[in-house]
1. Past 31 Å, Cα to Cα, is the threshold; run LYS219/LYS322; LYS27/LYS50; LYS83/LYS322; LYS48/LYS244; LYS27/LYS322 against it and keep the listed order.
2. On a C-alpha basis, how far is the centre of region 182-222 from the centre of region 97-122 in Å? Whole number, if you could?
3. Once both labels are modelled 7 Å past Cα along the beta-carbon direction, what's the ARG236-GLN3 spacing in nm?
4. If you take every DSSP beta bridge fully contained in the chain, what fraction is antiparallel? Give it as a percent rounded to 5.
5. Can you tell me how region 1-158 classifies by the Cα gyration tensor, rounded, prolate or oblate, using a/c under 1.5 as the rounded cut?
6. Rolling a 1.4 angstrom probe over the protein heavy atoms, how many square angstrom per residue are accessible across the chain?
7. Go ahead and estimate [θ] at 222 nm for the chain from helices alone: -39,500 (n - 2.57) per DSSP H run with n ≥ 4, summed, over the residue count, rounded to 500.
8. Just to be sure I understand: of the beta bridges DSSP finds with both ends in region 1-151, what percent are antiparallel, rounded to 5?
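The values are calculated or read from the model by the stated rules, or taken from the named source; none is laboratory data. Just so we're clear, the structure is a prediction, and the values are computed from it rather than from any experiment. Cβ coordinates were reconstructed from backbone atoms using ideal geometry, including for glycine residues, and neighbour counts include every protein chain displayed. Surface accessibility is based on the protein's heavy atoms, side chains included, excluding ligands, DNA and RNA. Shrake-Rupley method; radii C 1.70, N 1.55, O 1.52, S 1.80 Å.
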Amino acid sequence: MHQQIVSLVRRAGVVGAGGAGFPTHVKLGSRVQTYIVNGAECEPLLYKDKELMRLCAERLVHGLRLAVEATGASRGVIAVKAKYHEAIEAMQRAAANQRIELCFFDNFYPAGDEYVVVQKVTGRLIPPGGIPLQVGAAVNNVETLVNVSLAAEGVPVTLKALTVAGAVAEPASFVVPLGTTLGEVLALAGGASVPDPVALEGGAMMGRVVTDFSRPVTKTTGGYIVLPRDHALVRRKTRSDEAKVRIARSACDQCSFCTELCPRFLMGYAIEPHKVMRAVGFAGDKEAGWARLGLLCCECSLCELYSCPEDLTPREMCLRAKKLWAARGVKPEPLVGLGRAHPLQEARRVPVDRLIHRLGLNRYDVAAPLSERTAQPAQVQLPLRQHVGVAARPVVASGQQVRAGQLVADIPEGQLGAPLHAPIDGQISRIEPDCLWIAR
Ligand code: SF4
Ligand code: SF4
C-alpha cells in the first residue's frame, strides 16, 4: 500500500501547490510522526484554500489519511484559521471517526509559514535552515492533499485552484486548466476595474509584480492580486536593486522594529534584519560575516511592508546577503538562536486585518468564493519545470493529438521532478526546450 500510493502520486505529477513545487511523492516516501495539512492561508485577499477546505473536505481528509498511512504517522493534523467556521464544520464532518485532528490558528501573518505551523502543531522548532522532517513532521498545502486523493484514483494534476482578487469586477476563486493565461483568468473575474492593471502573482506579501498577461497558470500559482500600476505596493515592489541598496544605506535609523516584529526572530532564531541593514550601511559587501544574520529569512516581507517606519527594504537586504554567500560558493551554517520563542511572540503577532490596512488594500478586502465558472482556453502553455528538480522531458511529438490527462512530459527514472499531463484535448502545437503548447 505504501509503495503503491507513492508511485500513484509520482505518476500523477503531484507537487506542493502552495508555491513550493516540491514533488509530493518524496514526502510520502518518508517516515514521520506527524503529517500536517497547512490550511493556515495567510496572504491577504487569497482564499482558495479556505474554499477548498469548505467544498472539498472529504477529498482533503482522504488525502491526509493516505499520507498518514504512507508515512506511518501517528498524527494527522489539519491547521486552519479559527475564523473559517464553515470550512471547519465541513472538515469536522468529513474527519469524524478518521483520527484526524484540527489545529486552530488566529488570523495573523504569517500563520502559514511552515516553521510557524510546525511549531504550533508539534511544539518543536525546526533546526535553523532545516526542514520539518528533522522534527518528525511533513507539511503539505490543502490543494496538494486534494490532489493526493485524486491521484489514488488515477487522476493526474491538470487543474489549478486560485484566487483572483483586487481591482477586478468580481473577485472570486476558480479552478482552471493548467496553462490558462493570466489574461483568461482575469476575464473570468469580470476583467480589471482599473485602466492600467498589473498583477501580484502569489499574493500581496510574497508575490511578485507581473505585467505579461499571457503568462500561464502553473501547478504552483496560488492567485493574483490585480492592482493599478501606480498603487504604492506595486511601486515598492518594482524599485530597482540599485535604489533599494542606496535607500537602505542612507535612511535606516536602526530603530530595530524590523527585527522586533520579525516572525523568525520571535520564534527564537538568530535573524536580525536591522543588523543586516546596519552592515549594508557601514560594511557594504566587503565583510560577509554580518550576512549570516539574514540567512534564516523566510521572505515573508513583514519587515519591509509592515514594520519599517521608513519604507526601507530589510527583506531585500537579507536576500542580498544570501546571494552574497552563494556568489562566494559557500553555504554557511545559519547561526543558532535562542532555540525557544521570544516571550512576546504572541503579543507581537500581526493581525491580517491590520496588515491589509497598512498595505492599502482595504477597498479590495472582500470574500472570493469558489466560482463554478472555469476557463476554456483555446491553447495552453506548459512550462516543463513547474516543480523542484529537473525539467520534465516531452514524450510527445509536435502535431500529435493528445487527450486531457494524457502524459506529455516525464521525469527520467531516479531523478527528482514531476511529470506533466495534458490539461485539455488537443494537438501539440509547439515544443521548445523549456515549454510545450497544446491547441484545441
Ligand atoms: S525598521 Fe527600518 S529604519 Fe528601523 S532598523 Fe529596520 S530597516 Fe532600519
Ligand atoms: S522578510 Fe523580514 S520579517 Fe520576514 S523573515 Fe525575513 S527578515 Fe524577518
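1. LYS83/LYS322; LYS48/LYS244
2. 28 Å
3. 5.3 nm
4. The answer is about 60 percent antiparallel.
5. Rounded shape, in that the Cα axes give a/c under 1.5.
6. Using a 1.4 Å probe on heavy atoms only, each residue of the chain averages 42 Å².
7. Value at 222 nm, helices only: -8500 deg cm²/dmol.
8. 5 percent
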